[in-house]
Amino acid sequence: MSNAHSGAAGNGPAAGPAGSAAIRNRPTAPATGKSSGSGPGPAPSGGPGSGPERRQSLSQRGLPRWAPAGFAAAGIVVGMAVGAGAGLQSRVQWGLIAVVAFLVISYAVTSAVENSRQAKDRLATSVVWVCFILAVIPLFSLLWVTVSRGMKVLDPYFLSHSMAGVPSSQAGGGVYHALIGTLEQVGIATVIATPIGLLTAVYLVEYGKGALAKAVTFFVDVMTGIPSIVAGLFILAIMLMGKIEPSGLMGSLALAILMMPVVVRSTEEMLKLVPNELREAALALGVPKWRMILKVVLPTAIGGITTGVMLAIARIAGETAPIILLVFGSQLINSNPFEGAQSSLPFYIYEQYKAGEVASIDRAWAAALVLIAFVMILNLVARGIARWKAPKTGR
């Protein structure tokens, strides 16, 4: 027992000459000039990625957040200075000079402060913003002119009276008869086109295979690009062959032809976004396919479908050519779209502006403002329904 204990401790015969030689031949660590304690000594050197070089790479210079606005202000100042110095009279030329100066200043300053890669990225972003602003300026200009000129005569009297007995050269009258005609014609066109477009889209997505589906897709594509006057001429030919009198219904048929391809395309895209897993799960439970479409697919895509229908309504609300051919217009209030001539907002605008009088032109601008408000309300309703019916992503 004592020998084992002494051998384990290394003080007995077990720690003989061999053990001493092993201890003497053990390699020792090189001196680092620093004791194991907390004495003074040089700091250990790091790898090649540490030190001042790494800190410098992580602390590169960058432009502040307000730099794009500063570049735009500098570009505007340069454009005004160059335009005034060169004696340019057109404000459009001043604006083009300011745009070029903005792009040059943005690229040059970013390249000098940051690097060429960031400069190219900022240049591309600036070009996108410039294109967006150039596209929005005409829209806001048109909206501003319409509002400023249309508000002159737009009042409750204008919205609640017709043009019966009011000459085009005199002030007064209203747009009530045209507003009634637009609501009835667009409503009938929606009732006709929406079910047909919805069923066509369901067929193309859920059942469409073979030559028939390809033919339907081809004709939908063709109908998407036809001018509105062609749809009006088609219905006019039917009227002439059947000796049918002009009415709001005939105009609604032409508007339905223009509306159907828009409904088909928008509904088709919304149905394609429905995950196939939902279809497979319903079919795996033994649900018939028609019931799966009615209870699973359509409720899932109802928000996008409604949005597409609203956008199609907004697209046909401003059509003028079919109404001129098929409805003929009227100065009186006609609430019956199936008999007699009717008016509509686009036809009213065309009619009043064609008269060329100061009062009639003011009425045309007011009617244009009413039409813009009508289309804007439809778009807002479409967005609201899409947000309301959108699938819930949270738990």
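The values are calculated or read from the model by the stated rules, or taken from the named source; none is laboratory data. Note that the coordinates shown come from a computational prediction; the quantities given were computed from them, not determined experimentally. So basically every Cβ, Gly included, is an ideal-geometry build from the backbone, and we count neighbours across all protein chains shown.
For residues that are closer than 18 Å to ALA98 by Cβ and among the hydroxyl-bearing types (Ser, Thr, Tyr), scanning just the range 111-152, find the one that is surrounded by the most Cβ atoms within 10 Å (Cβ to Cβ).
Among residues in the range 111-152 that are closer than 18 Å to ALA98 by Cβ and among the hydroxyl-bearing types (Ser, Thr, Tyr), the one surrounded by the most Cβ atoms within 10 Å (Cβ to Cβ) is SER126.
So, ALA101, is that one under 34 Å from the mean Cα position of the chain (by Cα) and surrounded by 13 or more Cβ atoms within 10 Å (Cβ to Cβ) or not?
It is true that ALA101 is under 34 Å from the mean Cα position of the chain (by Cα) and surrounded by 13 or more Cβ atoms within 10 Å (Cβ to Cβ).
Before we move on, is ILE105 more than 23 Å from SER141 (Cβ to Cβ), touching a residue at least 12 places away in the same chain (Cβ under 8 Å), assigned to a helix (DSSP H, G or I) and in contact with a helix residue (DSSP H, G or I) (Cβ under 6 Å, 6 or more places away or on another chain)?
yes
Name every residue in the range 338-351 that is farther than 15 Å from GLU319 by Cα and at pLDDT 90 or above, in order of residue number.
PHE338
Go through the residues of the range 136-146 one by one and say whether even a single one is touching a residue at least 40 places away in the same chain (Cβ under 8 Å), under 34 Å from the mean Cα position of the chain (by Cα) and closer than 30 Å to ALA341 by Cα.
Yes.
How do the helices (runs of 4 or more DSSP H) wholly within the range 271-367 filter down when requiring 3 or more residues that are buried (at least 17 other Cβ atoms within 10 Å of the Cβ): which remain?
Passing ranges, in order: 298-316, 321-326, 345-355.
Just to be sure, is LEU278 touching a residue at least 12 places away in the same chain (Cβ under 8 Å) and under 20 Å from THR194 (Cα atoms)?
It is false that LEU278 is touching a residue at least 12 places away in the same chain (Cβ under 8 Å) and under 20 Å from THR194 (Cα atoms).
Just to confirm my filter: which helices (runs of 4 or more DSSP H) fall fully inside the range 159-265 and include at least 3 residues that are crowded, with 19+ Cβ neighbours inside 10 Å and modelled with pLDDT of 90 or more?
176-202, 228-242
Quick one: which residue in LEU345, LEU371, LEU325, LEU380 is among the hydrophobic types (A, V, I, L, M, F, W, C) and under 19 Å from ALA164 (Cβ atoms)?
Just one listed residue meets the conditions, LEU345.
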